[in-house]
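Okay, structure first, notes after.
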Amino acid sequence: IGGLGKSRLSLAVAGAALDDYPDGVWFVELAAVTDARLVPQAIASVLGVAEAPGRTVTDELRAFVRDRTLLVVLDNCEHLAQACAAAARELLEAGAGVKVLASSRERLNIRGEKAYSLAPLAVASPQQPMTPDAIGQFPAVRLFVERAQAVNSDFAVTAQNAAAVVEVCHRLDGI
């Protein structure tokens, strides 16, 4: 489901893998792409690959990745699953050193795909009184605080708001 942190996890995995990909780790945000035919162009734009006369964007992408070792992160694929699957297949077949990490609510159903399901983040029970430090150990609370601080940099979990923070996280099922 939406809001579980697929994009955040993809970024963390990509960041941890930077040293494994000498030709880079590339993040392609697809949430705003509404036309499936534009998926290759979105990837090419991020990679800095231009279309050449007489060649398709896909041809240019295949040529670009052929001898490279890189990771392409396709984020928010669910509304473009078939186009993302086709693009991922093209990239993977074009270069032995290419890996694709796709975040999506739907599987791409391509050969070699490994799917990892995400569960909601852990959160304290609202019936269990806890200190701000104790509830801060729960991932859902940490995410809540991070998002709250993006709006109000002074936000902090206090003894006065701890129960409310846990209640909100609990009602949102840890997302």
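When R8 is tested against (1) part of a helix (DSSP H, G or I); (2) open to solvent by 80 Å² or more (accessible area, probe 1.4 Å); (3) basic (K, R); (4) more than 26 Å from P139 (Cα to Cα), only condition (4) is not met. Considering the stretch 134-158, and only residues there that are outside any helix (DSSP H, G or I) and open to solvent by 60 Å² or more (accessible area, probe 1.4 Å), the residue that is modelled with the lowest pLDDT turns out to be Q137. Summed over the stretch 100-125, residues that are more than 20 Å from the chain's Cα centre (by Cα) and of a type outside the set (S, T, Y) total 3. Taking the criterion of being at pLDDT below 95 and in contact with a helix residue (DSSP H, G or I) (Cβ under 7 Å, 6 or more places away or on another chain), the only residue of the stretch 78-102 that qualifies is G95. With respect to V145, is the statement that it is β-branched (V, I, T) and in contact (Cβ under 8 Å) with a residue 24 or more places away in the chain true? For V145, the condition - β-branched (V, I, T) and in contact (Cβ under 8 Å) with a residue 24 or more places away in the chain - is not met. Within the stretch 115-128, residues that are farther than 8 Å from H170 by Cβ have Cβ atoms under 9 Å from residues that are part of a loop (DSSP other than H, G, I, E, B) and of a type in the set (G, A, S) in these pairs: L118/G5; A119/G174; P120/G3; P120/G174; L121/G5; L121/G174; A122/G174, counting only partners at least 6 apart in sequence or on another chain. Does at least one position in the stretch 44-62 carry a residue that is on the phi > 0 side of the Ramachandran plot and either in contact with a strand residue (DSSP E or B) (Cβ under 6 Å, 6 or more places away or on another chain) or in contact (Cβ under 8 Å) with a residue 12 or more places away in the chain (or both)? No, the stretch 44-62 contains no residue that is on the phi > 0 side of the Ramachandran plot and either in contact with a strand residue (DSSP E or B) (Cβ under 6 Å, 6 or more places away or on another chain) or in contact (Cβ under 8 Å) with a residue 12 or more places away in the chain (or both).
On inspection, A96 fails the criterion of being aliphatic (A, V, I, L, M) and in contact (Cβ under 8 Å) with a residue 24 or more places away in the chain. The criterion of being under 29 Å from A44 (Cβ atoms) and either over 16 Å from the mean Cα position of the chain (by Cα) or of a type in the set (F, W, Y) (or both) does not hold for Q128.
The values are calculated or read from the model by the stated rules, or taken from the named source; none is laboratory data. Remember, predicted model here, so these are calculated numbers, not experimental data. Glycine also receives a Cβ, built like all others from the backbone with ideal geometry; neighbour counts cover every protein chain displayed. The protein model used for the area step is the full one, side chains on, heavy atoms only, and it has no ligands, DNA or RNA in it. Shrake-Rupley method; radii C 1.70, N 1.55, O 1.52, S 1.80 Å.
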